[in-house]
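Report on one structure; see the data block that follows.
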Amino acid sequence: MGQFAAYAVSKIPFVSRLVLFGREGNEDFLEGIKLDFIDSFSALGRDVKLSASTNPGDIEGSDVVIITSGVPRSPGQDRLDLAKQNARVVAYYSKMIAGYAPDAIIMVVSNPVDVMTAVALECSGFIPSRVFGLGTHLDSMRLKSYIANHFSVHVSEVHTRIIGEHGETMVPLWSATTIGGIQVQNLPEFSSLPKDEFVECVKVAGSEIINKCGATIYGPGEAIATIVRTILGNENRILSVSAYIRSEVNDIGDVCIGVPVRINRKGVFPVPIRISEEEVSGFQRSVDRIKSITSEVLSDLKSENAEIDKKNNVVHENDLLF
Ligand SMILES: NC(=O)C1=CN([C@@H]2O[C@H](COP(=O)(O)OP(=O)(O)OC[C@H]3O[C@@H](n4cnc5c(N)ncnc54)[C@H](O)[C@@H]3O)[C@@H](O)[C@H]2O)C=CC1
Ligand SMILES: O=C([O-])CC(=O)C(=O)O
């Protein structure tokens, strides 16, 4: 998925420099991807300064760094099952980014993305507006396509939003869903819209694709590129990503979770909202679930690092990666 995401990002007109960064041992693989990208740029008439690297120094000066490293889930696994394993990877790279690209904005994709966003925030030491995760943006895009298909309208006529966990407890905001600018509840067809079925389909969309072809690639890749374009183009679009909220959703907060944010070159800024009672109770459930796993993961990371420090008096790359 990281490979396709990089390709989708490389096609954004604002992108003039791109570093394909990977871990040591992958030099040939990265160089091969780079050469293939260059062939395609020639065909497209694109002029992007491209490098393939395993040297952290090469990310210096980056505006945006996207973390896609980590294990994906296997059929039958929940995204949350990956938390402990991927936390170490995301922690390591977040510290690396803070050291080499201290002015960057970090986008986390690795799952479970809400928990990994909190890990990146903690380990980079960046301010919350400069660390976010792909969150429920992809889920919102999935729901949008089901609704557009149901009403036989172009996807651009549908605006909708899912907030909360990128996972089982996600919350659709029907109150924020419009078709051609008309609130969906005001359409006569609303009562027959298979809402629960749609939300169930969004929840299982990732696992269905993984079961059938091994990985989700094009959906997340394009979703990532949309967000990068929004940042670099300073577009101030409002998209649903995983961000740290203090109390922006009905006074609920102190967690990284999918919420509507305004996105521009400075980063992501949660939009304070008030949602219905039913939506609040769903969102609270999502927040409770993410908060409890986040605090477990962060406390494990802290004690592991303290152990490593005690043993070696220094943190080695391999201790954190494997
Ligand atoms: N938030 C979202 O909507 C989505 C999240 N994901 C997540 O992104 C992650 C990557 O997924 P895929 O690209 O499908 O997996 P993949 O297996 O194709 O790629 C994972 C990459 O991470 C690297 N990696 C694995 N362990 C590492 C370690 N210990 N240290 C450094 N690098 C390591 C691998 O070398 C590989 O390049 C997974 O956690 C997956 O669940 C994937 C799709 C969508
Ligand atoms: O389902 C997965 O594991 C990958 C992912 O997050 C998605 O495509 O939504």
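Taking the C-alpha atoms only, the angle from helix 113-124 to the longest principal axis of the chain is near 40 degrees. Taking packing as the residue-averaged number of other Cβ atoms within 10 angstrom, the listed peptides 92-102, 25-35 run from highest to lowest as 92-102, 25-35. Net charge within 12 Å of GLU165 by Cβ-Cβ distance, Lys/Arg positive one each and Asp/Glu negative one each, not counting GLU165 itself? Cβ neighbours under 12 Å give a net charge of 0. Each helix, a run of at least 4 DSSP H residues, gives -39500 (n - 2.57); summed and divided by the residues of the chain, these come to -15000 deg cm²/dmol at 222 nm.
Among the lysines of the chain, pairs at least eight places apart or on separate chains and with Cα atoms under 25 Å apart come to 27. Listed peptides 40-53, 166-179 appear in the order 166-179, 40-53 once ranked by packing, highest mean of other Cβ atoms within 10 Å at the front. Measure off 7 Å from each Cα along the Cα-to-Cβ vector at GLU208 and ASN55, then give the distance between these two points in nanometres to one decimal. Output for this residue pair reads 4.7 nm. Per-residue extension of 0.36 nm, minus the Cα-Cα distance of SER292 and SER276, leaves a gain of 3.4 nm for this segment.
Among 235-245, 112-122, sorting by the average number of other beta carbon atoms lying within 10 angstrom of each residue, highest first, gives 112-122, 235-245. Under a 5 Å amide H cut-off, with hydrogens placed 1.01 Å from N, ARG237 pairs with ILE263 among residues at least 5 apart or on other chains. Label positions at SER74 and GLN183, each projected 7 Å from the Cα along the C-beta direction, are separated by 4.8 nm.
Taking a ≥ b ≥ c as the square roots of the Cα gyration tensor eigenvalues, with a/c under 1.5 meaning rounded and otherwise prolate when a/b beats b/c, else oblate, which class fits the stretch 137-282? Note, shape of the stretch 137-282 comes out rounded. Karplus-derived 3J(HN,Hα) values for the stretch 211-226, using 6.51 cos²θ - 1.76 cosθ + 1.60 with θ = phi - 60°, are 4, 8, 9, x, 6, 8, 10, 6, x, x, x, 6, 5, 4, 5, 4 Hz; glycine and proline are entered as x. Between HIS150 and ASP47, the contour length at 0.36 nm per residue exceeds the alpha carbon distance by 33.0 nm. Label point of ASP63 set 7 angstrom out along Cα-Cβ; within the stretch 233-274, amide nitrogens under 16 Å from it belong to 233-237, 263-268. Surface composition of the chain: carbon plus sulfur atoms contribute 49% of the solvent-accessible area (1.4 Å probe, protein chains only, all chains present).
Each other residue within a Cβ distance under 11 Å of PHE37 adds +1 if Lys or Arg and -1 if Asp or Glu, for a net charge of 0. Relative to the longest principal axis of the Cα atoms of the chain, helix 137-151 runs at roughly 30 degrees.
To the nearest Å, what is the center-to-center distance of the stretch 91-137 and the stretch 200-267, using C-alpha atoms only? About 13 Å separates the Cα centre of the stretch 91-137 from the one of the stretch 200-267. Here the Karplus relation 6.51 cos²θ - 1.76 cosθ + 1.60, evaluated at θ = phi - 60°, turns the backbone of the stretch 48-64 into coupling constants of 10, 7, 10, 9, 10, 8, 10, 9, x, x, 6, 8, 3, x, 5, 7, 9 Hz, with x for every Gly and Pro. Bridges between two residues of the stretch 137-282, per DSSP, are antiparallel at a rate of about 95%.
The values are calculated or read from the model by the stated rules, or taken from the named source; none is laboratory data. Source: prediction; values computed, not measured. Neighbour counts are summed over all protein chains in view; Cβ atoms, including those assigned to glycine, are modelled from backbone coordinates with ideal geometry. Ligands, DNA and RNA are stripped out before the accessible areas are found, and what is left, the full protein with its side chains, is counted by its heavy atoms. Shrake-Rupley method; radii C 1.70, N 1.55, O 1.52, S 1.80 Å.
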